[in-house]
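Just so it is clear, none of the values below were taken in a lab; they were calculated from the coordinates. Values in this document were obtained by computation on a predicted structure and should not be read as measured data. A quick note on method: Cβ atoms are made from the backbone with ideal geometry, for glycine too, and the neighbour counts reach across all protein chains shown.
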Amino acid sequence: MKYPYLLFDADDTLFDFPRADAEAFAAMCRLHDVADTAENRNLYHTINLELWAAFDRREVSKEFVTLERYVRFFRELGLPRDAAQANRDYLSALGRCAFPLPHAEEVCSSLVSRGHRLYIVTNAVASVQRSRLQGSVFADLISCAFISEEAGAAKPDKAYFDYVRASVPGITAENCLVIGDSQATDMQGANNAGLPCCWFNPSGSQRRADLRINYEIQDLRQLLDVV
């Protein structure tokens, strides 16, 4: 067994985040009397992506992102709404939405049956991610979830992966593999920490020339031939 310890990103690697996000946004709209239109969804997603990109660049905190996105969203719409409550309602709904990506459950189950230990490495909001994991098909397959706000550091910082390694007995830089969809956080983080990595790239995006990517897959089932 080449990599007994597997460090999986959660959203867009194991979980279908766009589907969960759509349902949670719809729930927020119902509670706050906001029109759930394509135009409003696009506005929200534009604002949200810009703020999370700033978080990835370490310019703002996660707490700032999650509240500020609704402050800007309602300001753009000219709606007098409680941004903090809207954010709480969105996150609460998101915590109830745990949709696995195609083949994710069968792949994880096969890996566990082979003797691999599976871990989650994520920058997501801790309360949301733990709720989703507990209510998901992965609950009995994941050994532990390491969430950035609990770790005191976030991907792609080396300190985050140092925290993970210090928390898992037996793990080394040679016997673990980071698996994720994001070059900016998952692959860059593995590079920063000196860990091997596998890029899950179902959309066929272009690979960054400055990154070391040991493996690239477009279907999660291909991971079974890598590890």
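The alpha-carbon of K62 sits under 18 angstrom from the alpha-carbons of these aspartates and glutamates, leaving out residues fewer than 8 places away in its chain: D9, D11, D21, E50, D89, E149, E150, D157, D186.
Most exposed first by the Cβ proxy, i.e. fewest other Cβ within 10 Å, how do L14, L224 rank? Can you show the working numbers first?
Values: L14 31, L224 14.
Listed from fewest to most nearby Cβ atoms, that is L224, L14.
Inter-label distance, S205 to F99: 2.0 nm, where each label sits 7 Å from its Cα along the C-beta direction.
I'm checking a number: the convex hull volume of the Cα atoms of the chain, normalised per residue, in Å³. What is it? All intermediate terms of the calculation are to be shown ahead of the outcome.
Working: hull volume 26.9 nm³, N = 227.
Convex hull of Cα atoms, per residue: 119 Å³.
Rounded to the nearest 500, the helix-only mean residue ellipticity at 222 nm of the chain stands at -14000 deg cm²/dmol, with each DSSP H run of n ≥ 4 adding -39,500 (n - 2.57).
Each label point was placed 7 Å from the Cα along the Cα-to-Cβ direction; for E50 and F64 their separation is 1.5 nm.
Based only on other Cβ atoms within 10 Å, what is the fewest-to-most ordering of T46, T37, T185? List each step's numbers first, then the result.
Working: T46 14, T37 10, T185 23.
Neighbour counts put them in this order, fewest first: T37, T46, T185.
Computed from label points 7 Å out along Cα-Cβ, the spacing between R57 and L91 is 2.4 nm. Within segment 63-77, which residues have the backbone N less than 20 Å from the label spot 7 Å out from A84 along Cα→beta-carbon, could you tell me? Under cut-off, by backbone N: 63-76. For the chain, leaving out every one of the GluC sites (Glu not before Pro) that falls in a DSSP loop and has at most 15 other Cβ atoms within 10 Å, the longest unbroken run is 60-173.
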